[in-house]
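Accompanying notes for the structure given below.
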Amino acid sequence: MKKIAVFDAKKYDQDSFAAYEGQYQFTYYNDRLLAKTVNLAKDYDAVVCFVNDELNDEVLTRLKEFNIHGVFLRCAGYNNVDLKSAYKNKIHVARVPAYSPYAVAEHTFALILSLNRHIHKAYIRSRDFNFNLESLTGFDLYDKTVGVIGTGKIGRVFINIARGFGMKVLCYDPYPIKDSDYKYVTLEEIYKNADIISLHCPLTDSNYHMIDKNAIAQMKQGVMIINTSRGGLIDSKALLEGLKEKKIGSVGLDVYEEEADLFYHDNSSRIIDDDVLALLISMPNVIITSHQAYLTKEALDNIARTTINNLNEYFSGEFINNELCYHCDKSSNPEQCYKNKTKRCF
Ligand code: NAI
């Protein structure tokens, strides 16, 4: 039986993979896969990873030395993988491209509604029998403008929910959906007109810190900024400044650019040396969740099922449908995909 090392694995991950234990022998590591932990992968046939594992050149080169040629992500985003190095080391990388856009879009609205109607504060107050309503005033979502950056699977579900509230929706995407009824505008128009801005795009080299001092300066006074995509999309220091200057009205983050060492772990007994995060968390108009937007039963089931399917395709020598290919990404042209000619690039 093939032996698989599963990194950054929690109880809920183990529960969702339990149904497939007969097919593969899984070993679960609470540790992330990093240069300092990569030796744990020795003697396995493949590794299963998550969002904060570091699949950089050093780690991938070590995996190749261990004769591991399969990396299976339990997530959609792959900004943590050096695909060029994976190609160089002849390591196949597959992901779970979609497991529940509903989970993420619904969590995004949970953040919006909680921030707007101060549910997080009201909950604490009422637990103390303080039924005072001072400073709990929100605004109607109806007729407000929401700017959606990225109209992929999650962005589209998010738009449907926003329309249900009667919101006006402005969209930005470098690859707009043809023949849709979405109103695509420039980023500048989103910044200028949106009451709420929600990020639903991947993190790439070109959009790192897209929400920076300059972008914030163009936004409406009191804007709400929501990020459930990737932390690196926002310059956190600029975000903090915008909050302090009261230019930004509220912020909901499910991701944070320095989350890797903190998220998914109980740090309550630890002194946090990240001053930006500490200040953000201390603000009454900021809600931070721990990269949990995906965390629904349905999404966990889909992640486990798709990962097993990816493993089956890999070990059977078949075409790996969810493989990430450095060449294809580079060319962005499926016609040039080597896999159209052969089952595998290597
Ligand atoms: P998708 O691939 O279906 O859609 C992404 C969209 O973003 C595409 O339409 C693409 O054209 C667009 N895009 C690419 N570069 C852009 C840019 N610079 N500016 C604006 N739009 C751009 O991806 P999906 O499933 O909708 O996921 C979106 C992101 O959500 C993922 O990349 C991931 O970072 C994040 N995510 C977060 C989760 C969480 O638990 N917080 C869970 C799953 C995904």
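FYI, it's all coordinate maths here, none of it is from the lab. Here the structure is a predicted model, which is why all the values come from computation and not from measurement. When we count neighbours, we look across all protein chains shown, and the Cβ atoms used for this are built from the backbone with ideal geometry, even at glycine.
Going by neighbour counts of Cβ atoms within 10 Å, the residues R32, R156 line up, fewest first, as R156, R32.
Nearest 0.05, what FRET efficiency do N56 and K244 give at R0 = 41 Å with Cβ-Cβ as r? Working from the Cβ atoms, E equals 0.75. Note on K213: lysines with a C-alpha under 22 Å away, same-chain residues under 8 apart excluded, are K192, K237, K244, K246, K247. Helical runs assigned H by DSSP (4 residues or longer) give the chain a calculated mean residue ellipticity at 222 nm of -9500 deg cm²/dmol, each run adding -39500 (n - 2.57) before division by the residue total.
A crude spin-label estimate for the pair D181 and A19, with each label 7 Å from Cα along the Cβ direction, gives 3.6 nm. With 0.36 nm allotted per residue and the present C-alpha distance subtracted, the T145-F346 stretch has 67.5 nm of extension available. Taken about its Cα centre, the range 9-114 carries a charge dipole of about 220 debye when Lys and Arg each add +1 at the Cβ and Asp and Glu each add -1 at the Cβ. In summary, the lysines within cross-link reach of K42, defined as a Cα separation below 28 angstrom excluding same-chain residues under 8 places away, comprise K2, K3, K10, K11, K64, K84, K88, K90, K343. Sites counted here are GluC sites (Glu not before Pro) in a DSSP loop (not H, G, I, E or B) having no more than 14 other Cβ atoms within 10 Å; the longest part of the chain that contains none of them is 22-133.
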